[in-house]
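The values are calculated or read from the model by the stated rules, or taken from the named source; none is laboratory data. Because the structure is predicted, anything quoted here is derived from the model rather than measured. With ideal geometry, Cβ positions are generated from the backbone for all residues, glycine too; neighbour counts draw on all protein chains shown. Side chains included, ligands, DNA and RNA excluded: accessible areas come from the protein's heavy atoms. Shrake-Rupley method; radii C 1.70, N 1.55, O 1.52, S 1.80 Å.
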Amino acid sequence: MKSFFNLMHTISILLLLNGIACEAKLSTKFYDGRCRDAAAIIRKSIEKAVSRERRMAASLIRLHFHDCFVQGCDASILLDETDTIQSEKAAVPNANSVRGYNIIEAAKRDVERACPGVVSCADILTLAARDASVAVGGPWWNVRLGRRDSTTANRSQAETDLPSPFVHLNTLISAFAIKGLNARDMVALSGAHTIGQAQCFLFRDRIYSNGSDVDAGFATTRRRRCPRNGGDGNLAALDLATPDWLDNNFFNNLIERKGLLQSDQVLFSGSTAAIVSEYSKKPRVFAADFGRAMKKMGEIQILLGQNGIIRRRCSAIN
Ligand code: HEM
Ligand SMILES: *[C@@H]1O[C@H](CO)[C@@H](O)[C@H](O)[C@H]1NC(C)=O
Ligand SMILES: *[C@@H]1O[C@H](CO)[C@@H](O)[C@H](O)[C@H]1NC(C)=O
């Protein structure tokens, strides 16, 4: 009788542990029994958005990055300002710069129609970044799911932890290191600057610097749409050659001293120069590393199990 009791006890502990393990870790199958079509619904929604506006692929990948670097990949960036929430949207690196909020909200509406209250905004954002990559010729990677959404945002952390385009290489390396990403991850992820656009005031100093790390012809071309004074918000492609394709051309640009941002060009110096050369010569190595690093970035400090919530709308807590 006693051993029977012990056996039952052991079994119930095993069941309990198994239950916790299922709930409290990411899995590619997380929605299989809960919302079978979630990933397909999201993919359709993102494909539609990118076919309407190709730049949106870039904007969604950046949105995910700016979410993950501030209290983890918890969709905190999507929360609107309220009496109790100081939004990350209003933080310096995000305001008048980060885009795509409405696209994630639309994907959320599509998923809510199929399975109300099941799929987190944080997972939608992570899948959207992957689907955006694929939609512009970039790599596919397997996304593990089960993130939950925050009930808070942190504007001041957005202002300290998101890297500025004016900093030195060592500052970039440490900004990624504190998020658990190494220098190689950082260089691979910066390859996202092979798509999308930047505003004039963020690269003006560089193109007017006459610096030895800027190609003179490149600077002249870029000055046409980015005057010495005014035109702060004028947009320029981060990669002029193939702005609509997530390829490895970004790294060729750096070798030719044609990086648009100072923070791009510094990657072709010091300890990361060899990685830039490698990615410029080996597109498949870049694609594989980019996918791996995106997956790693997408798992920074996530909320699991009973932590956090499933928001009904991405812009507000329930
Ligand atoms: C290494 C540090 C990084 C710095 C300093 C940086 C800085 C910037 C800046 C200044 C812009 C232009 C913003 C504007 O003009 O409003 C930009 C755009 C962009 N960034 Fe980064 N970035 C970094 C890393 C990343 C990473 C890790 C990703 C994603 C994996 C990323 C993806 C993008 C994309 C796709 C755009 C274009 C967005 C669009 O067109 O809407 N960046 N970045
Ligand atoms: C925001 O993040 C900083 C660290 O970057 C932390 O010290 C602070 O407590 C956080 N604030 C809130 C409201 O969570
Ligand atoms: C760059 O060169 C131009 C023309 O030679 C000059 O007018 C300008 O002042 C220089 N800029 C800097 C920052 O030295």
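Could you rank the peptides 210-216, 300-306, 195-201 by their average count of other C-beta atoms within 10 Å per residue, with the highest value first? Intermediate results must be reported in sequence, preceding the final value.
Numbers: 210-216: 12.0, 300-306: 15.7, 195-201: 19.4.
For the peptides 210-216, 300-306, 195-201, the packing ranking is 195-201, 300-306, 210-216.
Could you work out how much longer the chain between residue 228 and residue 245 gets when fully extended? Use 0.36 nm per residue separation minus the Cα distance between them, nm to one decimal. Can you show the working numbers first?
Working: separation 17, 0.36 × 17 = 6.12 nm, distance 2.96 nm.
Working it through step by step, the gained length comes to 3.2 nm.
Please give the length that would be gained between residue 208 and residue 29 if that part of the chain were fully extended, namely 0.36 nm times their separation in residues minus their C-alpha to C-alpha distance (nm, one decimal).
Working: separation 179, 0.36 × 179 = 64.44 nm, distance 5.11 nm.
Residue separation times 0.36 nm, minus the Cα-Cα distance, leaves 59.3 nm.
I'd like the carbon and sulfur percentage of the solvent accessible area for segment 33-161, probe radius 1.4 Å, heavy atoms only, ligands and nucleic acids excluded. Before the final figure, lay out each step's value.
On the way: 2380 of 5050 Å².
Reported share for carbon and sulfur atoms: 47 percent.
Local charge sum around residue 203 (other residues, Cβ-Cβ under 10 Å, Lys/Arg +1, Asp/Glu -1)? Show your work: numbers first, answer last.
Values: positive: 204, 206, 222; negative: 205, 264.
Net charge in that neighbourhood comes out at +1.
For an R0 of 25 angstrom, estimate the FRET efficiency from the Cβ-Cβ distance between residue 295 and residue 48 and round to the nearest 0.05.
On the way: r = 24 Å, r/R0 = 0.97.
Efficiency for this residue pair is about 0.55.
Given Cβ point charges of +1 (Lys, Arg) and -1 (Asp, Glu) and nothing else, what value in debye, to the nearest 20, does the dipole of the chain about its Cα centre take?
Numbers: 42 positive and 32 negative charges, 116 e Å.
Here the chain has a charge dipole of around 560 debye.
So if we plug the beta-carbon distance of residue 316 and residue 86 into 1/(1 + (r/R0)^6) with R0 = 25 Å, what FRET efficiency do we get, rounded to 0.05?
Numbers: r = 14 Å, r/R0 = 0.57.
With a Förster radius of 25 Å, E is 0.95.
What net charge do the residues around residue 53 carry, taking every other residue with its C-beta under 13 Å from that of residue 53, with Lys and Arg at +1 and Asp and Glu at -1? Spell out each step's value before the answer.
Numbers: positive: 48, 52, 54, 55, 99; negative: 47, 244.
Surrounding charge for residue 53 is +3.
Mind checking which lysines have their Cα closer than 29 Å to the Cα of residue 179? Skip sequence neighbours fewer than 8 apart in that chain.
Result set, ordered by chain and number: 25, 29, 89, 108, 258, 281, 282, 295, 296.
Rounded, prolate or oblate, given the Cα gyration tensor of the chain, with a/c below 1.5 counting as rounded?
Details: a/c = 2.12, a/b = 1.82, b/c = 1.16.
Prolate, since a/c reaches 1.5 and a/b exceeds b/c.
To the nearest 0.05, how large is the calculated FRET efficiency for residue 106 and residue 277 if R₀ is 45 Å and r is the Cβ-Cβ distance? Write down the numbers at each step before the final one.
Numbers: r = 41 Å, r/R0 = 0.90.
Computed FRET efficiency for residue 106 and residue 277 comes out at 0.65.
Could you grab the relative contact order for the chain? Cα pairs under 8 Å, six or more apart, rounded to a whole percent. Can you show the working numbers first?
Values: 534 pairs, mean separation 81.4, N = 318.
Contact order relative to length: 26 percent.
Please give the calculated 222 nm ellipticity per residue for the chain, where each DSSP H segment of at least 4 residues contributes -39500 (n - 2.57) and the sum is spread over every residue; nearest 500 deg cm²/dmol? Intermediate results must be reported in sequence, preceding the final value.
Numbers: 14 runs with 151 residues, N = 318.
That comes out to -14500 deg cm²/dmol.
Gain in length, residue 97 to residue 199, computed as 0.36 nm per residue apart minus the alpha-carbon separation, to one decimal in nm?
Working: separation 102, 0.36 × 102 = 36.72 nm, distance 0.84 nm.
Going from the current span to full extension adds 35.9 nm.
On a 1.4 Å probe surface of the protein chains, which of 141, 245 comes out largest in accessible area, and what is the full order?
Numbers: 141 20, 245 130 Å².
Greatest to least solvent exposure: 245, 141.
Based on the Kirkwood radius over alpha-carbon pairs, what value in µm²/s does the Stokes-Einstein equation return for the translational diffusion coefficient of segment 170-318 at 25 °C and 0.890 mPa s?
On the way: Rh = 16.9 Å.
My calculation gives 145 µm²/s for D.
Can you give me the % of accessible surface on segment 169-297 that is carbon or sulfur? Probe 1.4 Å, all protein chains present, nothing else counted. Show your work: numbers first, answer last.
Details: 3060 of 5730 Å².
Carbon-and-sulfur percentage of accessible area, whole number: 53.
If contacts are Cα pairs under 8 angstrom and at least 6 residues apart, what is the relative contact order of segment 107-173 in percent?
Values: 30 pairs, mean separation 17.2, N = 67.
For segment 107-173, the relative contact order is 26 percent.
Take each uninterrupted DSSP H stretch in the chain, measure its Cα extent along the helix axis, and return the ones at 15 Å or beyond whose mean Kyte-Doolittle hydropathy is at least 0.5. Walk me through the numbers on the way to the answer.
Values: long enough: 2-23 (32 Å, 1.09); 38-52 (22 Å, 0.20); 55-68 (20 Å, 0.23); 101-114 (20 Å, -0.69); 121-135 (20 Å, 0.99); 283-297 (21 Å, -0.22).
Span-like helices, by this rule, are 2-23, 121-135.
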